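As structure tokens, the structure follows; a few thoughts come after it.
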Amino acid sequence: MNLLTLLIFIPVLFALVIVLLPSSRRGSFKYITLLATLIQLGISIYIYLNFKTGAASAGINYEGQFQFVHKLPWIALDLGNMGKMQIDYFVGIDGISVTLLVMSALVMVVATLASWEIKSNLKGFFLLFLLLDMAVMGVFCALDFFLFYLFYELMLLPLYFLIGMWGGVRREYAAIKFFLYTLFGSVFMLLVMVGLYLSVNDPATGSHTFNIIQMMNPANYTAGSVFSAAAHQTILGMPARTVGFVVLFIAFAIKVPVVPLHTWLPDAHVEAPTPVSIILAGVLLKIGGYGIIRICLGIFPEIASSGAFWLGLIGVVSILYGACNALAQRDLKRLIAYSSVSHMGFVLLGIASQTAEGVSGSVMQMVSHGFLSSMLFFLVGVVYNRVHDRDIYHFRGLGTQMPQYTAFVMVAFFASLGLPGFSAFVAEAFTLAGTFKSPMVNGLLPYWMAVCGSVGILLGAAYFLWTLQRMFFGKVSLKGGEVWKIALTDINIREKLALVPLAVAALALGLMPSLVFGKINDSVLALIQFLQAK
Amino acid sequence: MSMIRLMFYVMSFIAIASALYAALSKNLVRSIFVFFVTLFALAGLYVLALADFVAVTQVVIYVGGILVLILFAFMLSRRETLNVIQQRKSTFINMAKVPALILAALFLVVLVNVILKADADNLPWIKEAIAQKNVITPTSSTIDNIGVNLMTTYLLPFEAISILLLMALVGAAHLSRKEGSA
Amino acid sequence: MITLTDFLLVGAVLFSTGIYMIVSKRNSIQVLIGIELMLNAAILNLVAFGRFDKLKNSGQVFALFAIVLAAATTAVALAIILNVYRRYKTIDPDEIKNLRD
Amino acid sequence: MNVALPHTDSTIINYTLAVVALPLLAALINFCLPVKSKVAGWVSSAAIVMGCVLSAIVFSKVWNQQPLHTQTLWFTIGQTKVYAGTLLNNISVLMLLLVSLIALPVHIYSTAYMKHDDRYGRYFTYLSFFCFSMLALVVIDSLVLFYAFWELVGFSSYLLIGFWFTRDKAVQANKKAFIMNRIGDIGLLSAIIIIFAQFHTFDIATLFADGGLVFKSIIKDGLWISEANQMPVIWQYVACAGIFMAVAAKSAQFPLHTWLPDAMEGPTSVSALIHAATMVAAGVFLLGRVYPFFTDAELTILAIIGCFTAFMAASIALTQNDLKKVLAYSTISQLGYMTLAMGVGAYGSSLFHLVTHAFFKCLLFLVAGVVIHEMQHIKEENNLDIDPQNIQLMGGLRKKLPLTFIAAIVGSLALIGIPLTSGYLSKDGILIQAFEWSDGRSAWLKLVPVGALLTSWLTAFYVSRLIAKVFFGEFRLLKHHPQLKMHIGDGGWQYRVPLILLAVCSLFPLFSLNPFFYENAWLFKSLKPANFLARENIYHSIIPIGVNILSVFVMYFAYAIYTEKRIFQFPQTGFLYRLSYNQWYLDKFYKHAVIKPVLGLGKFCFWFDRNIIDGIIHLLDNITRKIAALTAWTDKYIVDGFLHAVAALVQSIGNFARKFQNGKVQYYLYSMLLIVLILFVLKILI
């Protein structure tokens, strides 16, 4: 049995178990889910440890260099004159995906631990949760565009229900907004996908293929097809490949999210229950970044280069705009949601730089943000669970009331604002370094972008410290008075169990960035080479 | 103006006037009795139309049979019938009757129009009859001829009529029976 | 000489009067009288035309038939009226609406 | 270790690592101990004692020897290998020793000072963590790690300023401190990134050593050219500006100095260690590390800003009534001197002043700590509502606190720069070199040394005022509260020993056997720049004499005003007074010119987000809904409506026809006849 396949479909197995169990055993569902995610984490760590590095296993555009590959013919229809329809079940990983895989698995465990707060309709919740888990893992592993799209869409559905059924007061609004936004992106993605399919031929079989790696090779495009680089086809008067790139980019940019396609995020986060927030921020946003690297950059490298300035600009705007917005928030969860926008801006900026430092920094930032945002949302969930309020102005002096909680909040906040020693610092510093190097190495981005990006770090400090000062320091003064005082107990063992791994992971990556960089380096270099070769 | 013509007008006038009175009268008894007058006047008109046998039959059957029958029927029903009808408001022109009046008047107009347009006196077959002298004259006797024709040319209708009469008799008797078995 | 048209006109007036009675009267017996009036108008026409058929006397013969039939009709009608009166305690034809859909 | 080192060298490296690691270890141990544990103090102190010894050994081995540089691969990113290692040269071992030496008395002092605090253990955790960061900062060889520890000292300073986190002022202050420092950090980060982009390395030794990459880079034709790269020269300026921002933030230079006075909300021992002696000196240390990077023009700007800061801070210190604030501004002022010294090329004097300042300023803070502690004691004993740091309430304490008084006098004289103290040696060096530097330049640059000179007299004045108000005259609190119980004294040995130790270190013998000539100091000799002018021009004799004679007058003047109420009283309404008392209105200016606009921008962004971006989304949403509603309407009323109309027509015809079926025979008849009539009429008409 292929490990990746196992990794992807383990949640489904456990979901089946949950389906078969009667509702009277609902108390056990969370433990079953926890077991599933733990097994998944175990497998992902095993994969991580056995992941081979070196130029010979860089992946990116060489199918043979991918690892843990599992390729099965899946849908193969003979369409007569129109050739053969070839859709494979094709999963495999390279350096870009392996670290994200481990991160996602860990975040899933934490999200499960956060699911203890869910009290209603447990069966439905955990079924959807496991389905989501499967889809997320699938997205990171899929190398067949059709399969990728399938998993990508499969993520949407559980999320919609998870937000819409277990969310807060305005959950329906948030769920629909989220759903429409992402659907909007993916519908156009489907069109481009089909276009690519019709343009690309598998050299081995001669039939059209959805294979992403084949799509990266310009030689595989049929002469005169829509997306063939040589053919210079146009769609609505614009070059077809540019349109394809832009459409795919928008689809992923909504996920990342970048300004101005981000407004689903604060709403979805605020309304979603804590575990879903964790998954949204921790994993889902990364799919956007991952998609841009793997698909946008991989399939349309020359457009990515010519449009790099705009990508970088959007990244910088996201950084600053998200941070400014966070400054104005008084809902803690919304603040963190906007900080996510800001932090994910670095990912885009790094990708746009197309330097080894920038792209590595982006991947690092994704991993780091996965841990930190999960931690932040979990922490918000802790206080929200106790008193059902998240307004920053309603709390004061939590440091005295909940010292251990405050310690974790400080770790999370300082890690997020880029305190050295934590992962975010390395990620952001090297993203900016890559960005600054870009004008000299490939001339894609102007110098000032890095400087502007660094202002985001300053603003990050401002809003996090303000929150700390306002909410956690000072004399105890709570809006709910004595009732809240009794309700606001310090964190328990379960919560610590969830938080400690995240904090340790963030710290470990900060102290030993090679945990990530070591695994991704060859792939990143290969990617850069690929991009430069065009 | 000949006498006959005068007679015709008088008869016509009586017939029409009495018919109108019967029609407009609220009193059932009066209208029945005025209807006698109408029938008699019509009998007179039949005579003037040179159909004396029909006139006699008219008097005998209508006046002797039908009207008596009506009177019997009227009298057989209870007094209340009369009362119910008498209680009606007796304004001369009842608004409810106006549509009926208009209808009748229009009908009259149409009929008169048709009759005048048809110009009955100049129809081809009548002219032919006059030319062939196939016209009853005041002097000729018709009764024997009617008897012969009735038994020869019109035997089949005659028999049919008799059967019909029988059926009417049985039917009237059956209907008039007391409640219960009907 | 009295022309055919004169008779026909008198018949027409009588016929119209009959129509009026049939349509407007609230008493079944008067309605019956109206019918008789119309029959008589018809008979008058038959008789008037009958003058021009000396040989076969078709007009007068059918006038006779009509008179006989009228008698029969009247008998049956009166029997019906009596029955109706027994059942509905009225002879106003408006009150009897069993034919209504 | 990529190079096989001789045995002795590897021992030194190990010792260095031990010096750095011991406080970290102590911090970790303390973190695991209960919050109130009294063991924590001894753990931390032990770590520092050992650190002190080891750093002394390292210092003796490395001082005036070849720099010792080792590194190991930290991680690889792309084709860049990022190394971590230590770079031991004169400046770093000096700092290593200095930090350990200052930290030691502060630790001892703290064990008594923080004795009654609920979070005693946590205090020492933070303190040890600070020591770790600071010690690591001075020995590290990579710019990335330098930045990391640079920020970590800021972070530990944040923790310590806000140590009493239930006090609103304290948490406001630590937020301000961190954010101000963050501004500097961004500058440093940008500078590091620019340097990395230009030279492709983070290695300080390779970059800034004699003949290193920075030396080889040249500025020509608007381009900044290094061996590997070239970029527009503007980025060299930006990098310098970034470094300067970092220095300004960390070393509290204008315009980023306002956090330091507020930072006095932390425990006094912390102020002594972090905000007077060590951390704030990190900026100057950074200047020392990257000194070759600056061009002449940039150095001039540095000198001007240093001079301005020194003058401004001194002028503010004149009127402050808060004991610690006066000291804080004096720290800013002295740091201004150091920056100025760096700017005028007096590299050695700057570092020399850094060292001497560390000792005497730490001493003064500890003295302040004793005074405040005793005032606090009075306050608690008598249940008064007073500010224990207000010097207006003090006076005549020399009798109650004799040892403290002596220590204060030594510290003050050093601060003023009276001969026989260490301060004299270092400060005169700066002044003399500033004059020498200004000689060859345009006339207005003379303002720089003149300003420095003025500042030194201002210093004499405010220090004398401080001492006079605290230690001389009558105890003024007694005037308001005659029944005051006063059970105060110099305190236990934990107080006395550090004071004595530091007072001794503030005198000349530690640095030079000749108390009058700064250039004879061993420290200066080793650090002096190559182009140092020998004692040949007139400044060397005039300035020390002039400065000191005037200083003595100023001191007496201040003493006379504040103790004996002679001569006159300063008016407290003038513009200058208010400018000084309100700290040049800079805080207000920042509040209105920076903080509010930024918050406003945030609000605006949020408004924009809610109303414009979401508005567009909602508009699209509404349009879609409207179209849908229109379609639904069409479906309902037009398409269905047609069907309904047909049905209704049929029905109404049916209903119309039904009316005739009313069961009235006469009505049927009437209808029938009417139709016949109509047919007739039609027949006639047509």
| note | Over the Cα atoms of chain B the radius of gyration and the largest Cα-Cα distance (Dmax), both in Å, equal 21.1, 63
| message | Considering only C-alpha atoms, what is the centroid distance from the range D:344-403 to the range A:187-250, in Å? | response | 75
| What is the calculated FRET efficiency for residue D:649 to residue B:102, with r their C-beta to C-beta distance and R₀ = 25 Å, to the nearest 0.05? | 0.25
| message | What does the structure give for A:503-513 when I average, per residue, the other chain Cβ atoms found within 10 Å of the residue Cβ? | response | 1
| request: Please give the average number of partner chain Cβ atoms lying within 10 Å of the Cβ of each residue in A:459-465, rounded to a whole number. | output: 5
| note | So residue A:76 and residue A:497, fully extended at 0.36 nm per residue minus their Cα-Cα distance, gain in nm 146.9 nm
| remark: Here Rg/Rh (Cα, Kirkwood) for chain D equals 1.33
| Interchain or long-range residues, amide H under 5 Å from residue D:224's placed H | D:231, D:233
| remark: With the charge dipole of the protein assembly as shown built from beta-carbon charges (+1 for Lys and Arg, -1 for Asp and Glu) about the Cα centre, the Cα from A:484, D:582, D:177 projecting farthest to the positive end belongs to A:484
| request: Among D:664, A:123, D:427, D:220, rank each residue by its count of other Cβ atoms within 10 Å, from fewest to most, as a rough exposure measure. | output: D:220, A:123, D:664, D:427
| said: Among the listed pairs B:97/C:25; D:61/D:250; D:325/D:485; A:437/D:81; A:475/D:325; B:26/D:659, which have their C-alpha atoms separated by more than 20 angstrom in this model? | reply: D:61/D:250; D:325/D:485; A:475/D:325; B:26/D:659
| request: Tell me the label-point distance for the pair residue B:3, residue A:205, using the 7 Å Cα-to-Cβ offset, in nm and rounded to one decimal. | output: 12.8
| request: Classify the range C:4-94 as rounded, prolate or oblate from the Cα gyration tensor: take a ≥ b ≥ c as the square roots of its eigenvalues, call it rounded if a/c is under 1.5, otherwise prolate when a/b beats b/c and oblate if not. | output: oblate
| note | Share (percent) of C-alpha pair distances in chain A greater than 38 Å works out to 23
| request: State to the nearest 20 debye the size of the charge dipole of chain A about its Cα centre, where the only charges are +1 on K and R beta carbons and -1 on D and E beta carbons. | output: 1180
| message | I'd like the mean, over residues of B:32-43, of how many other protein chain beta carbons sit within 10 Å of each residue's own Cβ. | response | 3
| said: Over the Cα atoms of the protein assembly as shown, what radius of gyration and what Dmax do you get, in Å? | reply: 57.6, 190
| Of D:397, D:320, D:421, which is farthest on the positive side of the dipole of the range D:295-581, counting Cα position, with +1 on Lys and Arg Cβ, -1 on Asp and Glu Cβ, and the Cα centre as origin? | D:397
| Based on DSSP H runs of at least 4 residues, each adding -39500 (n - 2.57), what is the mean residue ellipticity at 222 nm of chain A after dividing by all its residues, to the nearest 500 deg cm²/dmol? | -22000 deg cm²/dmol
| Want the number for residue A:123 to residue A:234: 0.36 nm per residue separation, take away the alpha-carbon distance, what's left? | 35.0 nm
| task | Filter the DSSP H helices in chain B by two things, a Kyte-Doolittle mean of at least 0.0 and an axial alpha-carbon span of 27 angstrom or more, and list the hits by number. | result | B:3-24, B:28-48, B:98-118, B:155-175
| field | Ordering of A:173-181, A:360-368 by packing [mean C-beta count within 10 Å, highest first] | value | A:360-368, A:173-181
| query | Roughly how many Å is it from the Cα centre of the range D:633-658 to that of the range A:296-316, as a whole number? | reply | 60
| field | Rounded Å value of the spacing that divides the Cα centres of the range D:192-240 and the range D:77-128 | value | 31
| note | Given unit charges at Cβ for Lys, Arg (+) and Asp, Glu (-), the dipole magnitude of the range D:295-581 about its Cα centre in debye, nearest 20, is 560
| Could you put A:33, C:3, D:300 in order, starting from the residue whose Cβ has the fewest other Cβ atoms within 10 Å? | C:3, D:300, A:33
| field | Interatomic Cα distance distribution for the range D:1-141, bins of 10 angstrom, percent | value | 13, 38, 28, 16, 4, 0
| In debye to the nearest 20, how big a dipole does the range D:1-141 give about its Cα centre with +1 on each Lys and Arg Cβ and -1 on each Asp and Glu Cβ? | 300
| message | Starting from the 7 Å offset along Cα-to-Cβ, what nm value, one decimal, do you get for the label separation of residue A:242 and residue B:166? | response | 11.0
| For chain A, with the dipole built from +1 on Lys and Arg beta-carbon atoms and -1 on Asp and Glu ones, taken about the Cα centre, which of A:145, A:197, A:512 lies farthest toward the positive end? | A:512
| note | Protection proxy (average C-beta count within 10 Å per residue), highest first, orders A:507-517, D:456-466 as D:456-466, A:507-517
| query | For helix D:447-471, what angle does its Cα long axis make with the longest principal axis of chain D, in degrees from 0 to 90 and rounded to 10? | reply | 80
| request: Please express the Cα-Cα pair-distance distribution P(r) of the range B:2-42 as a list of whole percents, one per 10 Å bin, running from 0 to the bin with the greatest distance. | output: 36, 44, 16, 4
| Distance histogram for the range D:295-581 (every C-alpha pair counted, 5 angstrom bins, percent rounded to whole numbers) | 1, 6, 12, 16, 18, 15, 12, 8, 5, 3, 2, 1, 0
| Estimated FRET transfer efficiency (residue D:635, residue A:173; beta-carbon r; R0 25 Å; 0.05) | 0.40
| field | Gain upon complete extension [residue D:225, residue D:50; 0.36 nm per residue less C-alpha separation] | value | 58.4 nm
| query | So, in nm, how far is label residue A:219 from label residue D:607 when the simple model puts each one 7 Å beyond its Cα toward the Cβ? | reply | 6.0
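Read the figures in this text as sums done on the coordinates, not as results from a lab. Just so it is clear, the model here is predicted, and its values are computed rather than measured. So basically every Cβ, Gly included, is an ideal-geometry build from the backbone, and we count neighbours across all protein chains shown.
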